[in-house]
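Have a look at the structure below before the remarks.
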Amino acid sequence: VSAGNPFQDPGSVRELYRSARRQQLRTGALMAAKVRGADVGDVLVQLARRHAVPRPRLLEVGGGRGGTMARLAAELSPVRAVALDGSPALLAALRARAGAAVETVLGDFHALPFPAGGFDLVVAAFCLYHSPAPERVCAQLARCLAPGGVALLVTKSLDSYAALDRLVAASGADPGASGSASLYASFHSGNVVDVATGALAPLELRHDANAFRFGSAADAADYAATVPKYRNCGDPRRLAQAFEAVWPQDGLTLRSTVSYLAAARR
Ligand SMILES: C[S@@+](CC[C@H](N)C(=O)[O-])C[C@H]1O[C@@H](n2cnc3c(N)ncnc32)[C@H](O)[C@@H]1O
């Protein structure tokens, strides 16, 4: 465990994903501000169609509230679909969203409880940065793939949302925020190929520029209050007041690169 990075600390990850409502607010606050960037589901469907067999046996790890699984299940008509996640609350939300045909498994992606070679397509979107050793998870994913099987991995760039760190620091809400390490430190756009390569053979890497525009201090505070690395910033109303004093005249734009790697079983 990397000391100090809440995205890699099991206790803080458990707290972050304790409730589906909390995760919905966090994602919703960011997605409402999105002004640039491909739809993640669109890209995953495209990559799956290009690299995986039709009607794959599908496994998604770290599936969260199930948006990706619902989309992949609808578009790829998998003969079997399994979602594994470490959060009971998010698994329940996934079941409700993706439908009863999707099997849900509570577990840890470092030790996948599946026999070798049982899946044609495995997906890990926006979750391997919660591992201090994502190469171990890649090895687990590779083990679960049948010959010809494909993994789709999605993550973000190290510099994601850096302008928010600067705003939080300038507002005085958390003066140390601009020096804080990226939440994506263990698995990001810059190391995704290196991390995957031990267990998987890269097929296609795609980087997609995303931008998020916040028109008001209150909107930015709703998202910032859910970022676990900021200290004493959990109350969105107090945070919005702090932001008001330093709010940029033409609003705040945050940037992030979303990176997709399609990789084959070796
Ligand atoms: C940011 S959410 C991503 C959700 C979804 N994949 C998406 O694209 O929106 C990260 C997910 O990874 C899960 N997770 C984190 N660490 C995990 C672990 N060690 N094993 C299994 N799931 C884990 C969390 O419970 C959460 O649902």
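According to a simple spin-label model (label point 7 Å from Cα along Cα-to-Cβ), what is the distance in nm between Ala101 and Arg166?
In this crude label model, Arg166 to Ala101 measures out at 4.8 nm.
Quick check on the chain: what does the Kirkwood estimate of hydrodynamic radius come out to from the alpha carbon pairs, in Å?
18.9 Å
Residues of the range 152-185 with the amide nitrogen closer than 18 Å to a label point 7 Å from the Cα of Asn232, along Cα-to-Cβ, please.
So the set is 165-180.
Which value in nm describes the separation of the simple spin-label points at Thr197 and Ser19, placed 7 Å from the Cα toward the beta carbon?
That separation, rounded to one decimal, is 4.4 nm.
Express in nm, to one decimal, how much length is gained between Val79 and Asp159 on full extension, taking 0.36 nm for each residue of separation and deducting their alpha carbon distance.
Difference between extended and current length: 24.9 nm.
How high is the relative contact order of the range 1-137, in percent, with contacts defined as C-alpha pairs under 8 Å that are six or more residues apart?
Across the range 1-137, relative contact order equals 27 percent.
Would you mind telling me the share, in percent, of accessible area of the range 138-188 contributed by carbon and sulfur at probe 1.4 angstrom?
After summing per-atom areas, the C and S share lands at 58 percent.
The values are calculated or read from the model by the stated rules, or taken from the named source; none is laboratory data. This one's a predicted model, so the numbers in the text were calculated from it and none came from an experiment. Reconstructed Cβ throughout: ideal geometry from the backbone, glycine too, with neighbour counts over all protein chains shown. Remember, those area values only see protein heavy atoms, side chains included, never the ligands or the DNA or RNA. Shrake-Rupley method; radii C 1.70, N 1.55, O 1.52, S 1.80 Å.
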